[in-house]
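In what follows, a structure is listed as structure tokens, so that the remarks can point back to it.
The values are calculated or read from the model by the stated rules, or taken from the named source; none is laboratory data. Because the structure is predicted, anything quoted here is derived from the model rather than measured. Here Cβ is always computed from backbone atoms with ideal geometry, including for glycine, and neighbour counts include all displayed protein chains.
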Amino acid sequence: MENITKTFPGVVALDNVSIDLYKGEVLGILGENGAGKSTLIKILAGNYIKDSGGIYVDGQKFEIKGPAEAMASGIRVIYQELNTLNNLTVTENMFVGEQIVKGPFKIVDWKAMTKRAEELLDTLNVKLDPNTIIGDLTVSEKQIVEIAKAISKEAKILVMDEPTAALSEEETQSLFRIIKTLKSKGVSIVYISHRLKEIFAITDRVTVLRDGKKVGTLKTKETDTNELVTMMVGRDIKDMYPKREVPIGDTVMKVKNLTAEGFDNVSFNLRKGEILGIFGLLGSGRTSLVKVLFGANKIKNGEITVNSKKVNVKSPAIARDEKIGLVPLDRKVEGLALIMGVKENITLANIKDLGKSFLIAKAHERKKVDKWVNEVGIKTPSVEQEVNSLSGGNQQKVVLAKWLESGSQIIILNEPTRGIDVGAKIEIYKLMQDLCEKGSSIIMVSSELPEIISIADRIIVMSKGRFTGEYLRKEASEEELLHVACL
């Protein structure tokens, strides 16, 4: 891609950006949200039309004006935002528009497609029934189907946008093995990720974008984390995981012998000002647990006590009334009304305090929203801006602001920095510390070991629906947590 420029009204998204990609290479692309990564790959995929510049594949210039031209040139893209058709099966999703047919009347060969789907999933080392309805799968399983679909097309160039965002460590390693196999067959891969550990594990070179411009390209083995972070944010970040010592108070939540779908006989305490980390691999029961705590899933047995009072959290509305808030795993599906503005999203969970029916106290609402935009640090042109157009980090802040506006004192964060750039991650970590200093308590579910070891005061490990270990931050190590998570 040579001298690519793309502008939107009032914004230069890409300014004369050039990247090159060699046969059988994995090129990492790094940059904060808004740096231009998504615009660049959407131009490559034919979803955006460049203003100027050239795109060359195998020395031949291509005018990519749509997805068909991109696919014809051997380019396939796996987007972070899943493109699954939730009412269809795994097989149907993998072959939509490209069904295998047989006979003179071109009848769809379901048996052949199902067999091929099984082969592709086996390649990913995933046991998934091809006849399962996609809508019944987890986020990570949907992501795996998208990856399998993409690698089935024999692409010359495969673009992966945050492909491991919802994958477990085991699934991530399976993906890396597949990437190495594809490399050996001459496939070239553009790999976009906020996870620097992955960049160092899988890429040959890395290109950094900032504010729509190319900062530089380096050989991965010749750089380090500090250099890349400095290139991304334009300043030196000395402390990736800021951690302040906050006084820990009395117990604010007590969970005793809790059993529900996905976990069994779980007990723990959460104290005032504490960040309690929950770590576990995919299928450990961690997400099932937080959904029960928030009233989204039903309790079978056990009890929950909040501020010394036994509570029956049988719905999210009751959780809200008990001052419990949840920033979910998939913020775009479960946490935000995407076509509504920042203002409406922040006040949505507490709208009853602003008036009845259509009689909303607009001036009072605006005052409340302005307060949270400033306190949480939401970067938006206007509080009327649709949240769908905000970066991942700012969307996450909007979800958090919604629960702070509702007065939540117990805040559950499920993968709080998933799909968020390094600068926004640090802002989220600092915000968590601020909340604890003001008396809130946080349950943080995370699959990122460096994050949970650095930010949590105490860490509980889950495996197969039960607690298998508990550690203070100073006692924990990545090796020990992974070992206990596999018990």
Restricting attention to region 43-57, the residues that are crowded, with 20+ Cβ neighbours inside 10 Å and without any contact (Cβ under 8 Å) to a residue 40 or more places away in the chain number exactly 1
Among Val327, Val313, the single one that is β-branched (Val, Ile, Thr), modelled with pLDDT of 90 or more, surrounded by 14 or more Cβ atoms within 10 Å (Cβ to Cβ) and under 20 Å from the mean Cα position of the chain (by Cα) is Val327
Going through region 111-165 in order, the residues found to be more than 26 Å from Val190 (Cβ to Cβ), buried (at least 16 other Cβ atoms within 10 Å of the Cβ) and among the hydroxyl-bearing types (Ser, Thr, Tyr) are Thr114
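With Gly325, Gly262 as the choices, which residue is in the same structural domain as Ser406 (by TED's automatic domain parsing), within 30 Å of Ser391 (Cα to Cα) and touching a Lys or Arg at 6+ places or on another chain (Cβ under 9 Å)?
Selected residue: Gly325, the only one of Gly325, Gly262 that is in the same structural domain as Ser406 (by TED's automatic domain parsing), within 30 Å of Ser391 (Cα to Cα) and touching a Lys or Arg at 6+ places or on another chain (Cβ under 9 Å).
It is to be established whether one or more residues within region 246-265 are polar (S, T, N, Q) and either under 17 Å from Val445 (Cβ atoms) or in contact with a His (Cβ under 6 Å, 6 or more places away or on another chain) (or both).
First, the residues of region 246-265 that are polar (S, T, N, Q): 251, 257, 259, 265.
Narrowing the set further to residues that are either under 17 Å from Val445 (Cβ atoms) or in contact with a His (Cβ under 6 Å, 6 or more places away or on another chain) (or both) leaves none.
Checking region 246-265: not a single residue is polar (S, T, N, Q) and either under 17 Å from Val445 (Cβ atoms) or in contact with a His (Cβ under 6 Å, 6 or more places away or on another chain) (or both).
Go over the candidates Lys42, Lys50 one by one and state the one that is basic (Lys, Arg), farther than 17 Å from Val145 by Cβ and part of a helix (DSSP H, G or I).
Details: Lys50 fails: part of a helix (DSSP H, G or I).
Result of the check over Lys42, Lys50: Lys42.
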Note: among Glu227, Glu245, just one is acidic (Asp, Glu), on the phi < 0 side of the Ramachandran plot and not assigned by TED's automatic domain parsing to the domain that holds Arg195, namely Glu245
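Condition first: within 17 Å of Arg244 (Cα to Cα) and either surrounded by fewer than 15 Cβ atoms within 10 Å (Cβ to Cβ) or not hydrophobic (A, V, I, L, M, F, W, C) (or both). Can you find one or more residues in region 460-472 that meet it? Before the answer, list the steps.
We begin by selecting, within region 460-472, every residue within 17 Å of Arg244 (Cα to Cα); these are 472.
In the following step, the residues that additionally are either surrounded by fewer than 15 Cβ atoms within 10 Å (Cβ to Cβ) or not hydrophobic (A, V, I, L, M, F, W, C) (or both) were identified as 472.
Yes, some residue in region 460-472 is within 17 Å of Arg244 (Cα to Cα) and either surrounded by fewer than 15 Cβ atoms within 10 Å (Cβ to Cβ) or not hydrophobic (A, V, I, L, M, F, W, C) (or both).
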The condition of being touching a Gly at 6+ places or on another chain (Cβ under 8 Å) and either of a type in the set (Gly, Ala, Ser) or assigned by TED's automatic domain parsing to the domain that holds Phe95 (or both) holds, among Ala148, Ala155, only for Ala155
Counting only residues that are surrounded by fewer than 17 Cβ atoms within 10 Å (Cβ to Cβ) and within 20 Å of the chain's Cα centre (by Cα), region 175-194 contains a total of 1
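Could you list all residues from region 31-50 that are over 21 Å from the mean Cα position of the chain (by Cα) and of a type in the set (A, V, I, L, M, F, W, C)? Break it down stepwise before answering.
Quick first cut of region 31-50, residues over 21 Å from the mean Cα position of the chain (by Cα) only: 43-50.
If the condition is that a residue be over 21 Å from the mean Cα position of the chain (by Cα) and of a type in the set (A, V, I, L, M, F, W, C), then Ile43, Leu44, Ala45, Ile49 are the ones that fit.
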Cβ pairs under 6 Å, 6+ apart or interchain, first in region 194-219 and within 24 Å of Pro450 (Cα to Cα), second aromatic (Phe, Trp, Tyr) and at pLDDT 95 or above, ordered by first then second residue, are Thr203/Tyr191
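So, in region 99-146, exactly how many residues are assigned to a loop (DSSP other than H, G, I, E, B) and either of a type in the set (Ser, Thr, Tyr) or under 27 Å from Leu329 (Cα atoms) (or both)? Before you say what the answer is, go through the steps one by one.
Step one: list which residues in region 99-146 are assigned to a loop (DSSP other than H, G, I, E, B), which gives 99-100, 103-106, 109, 124-132, 137-138.
The next check asks that each one be either of a type in the set (Ser, Thr, Tyr) or under 27 Å from Leu329 (Cα atoms) (or both); those that pass are 124-132, 137-138.
So the count comes out to 11.
Within region 371-416, count every residue that is β-branched (Val, Ile, Thr) and in contact (Cβ under 8 Å) with a residue 60 or more places away in the chain.
So the first thing to find is which residues in region 371-416 are β-branched (Val, Ile, Thr), and the list is 373, 376, 378, 380, 383, 387, 398-399, 410-412.
Add one more test, that the residue is in contact (Cβ under 8 Å) with a residue 60 or more places away in the chain, and what stays is 398-399, 410-412.
Of the residues in region 371-416, 5 are β-branched (Val, Ile, Thr) and in contact (Cβ under 8 Å) with a residue 60 or more places away in the chain.
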